[in-house]
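What follows is a single structure, written as structure tokens, with notes after it.
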Amino acid sequence: MKREKLIRSKGYNVTKIQNELFRQLTSYLEENNMTQSAFAKQLGVSKGYVSQILNGDFDYKLSKLVELSLAIGKVPQISFEPISKVSEKKNTTKIIQLGEKKIKNSAARV
């Protein structure tokens, strides 16, 4: 798939945002030596809900993205760039491995 077609894909963009949220949440949990259960309690949600988020089995509402970001002491920032500008950027990808699950994470800024 050509980069420009990929960039135009809803799935690609949703996954990119989910991966960044995953990275931010796992960093927060590690830095604060916090379990998923403790984080769920802090948010007032079930542990299963937090697990869904961390497994990428969740399609976020914008309000939930903001709530999760603020819960970890971060302010979400979304930028809108022309597709032509993004497609010219060098494509760098890294793999985040959590247990047996591998998640591709674009290094491009969300």
Which pairs break 27 Å Cα to Cα here: K41/K74; K5/K74; K41/K61; K16/K47?
K5/K74
Using a basic spin-label model with each label point 7 Å from the Cα along Cα→Cβ, how many nm lie between I17 and E81?
1.7 nm
The simple spin-label model distance between R3 and L62, using points 7 Å out along Cα→Cβ, in nm, is 2.8 nm
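Rule-based calculations on the coordinates, nothing more; no lab input. On a predicted model such as this, the values are computed, not experimentally measured, just so you know. FYI the Cβ positions are ideal-geometry reconstructions off the backbone, even for glycines, and counts take in every protein chain you see.
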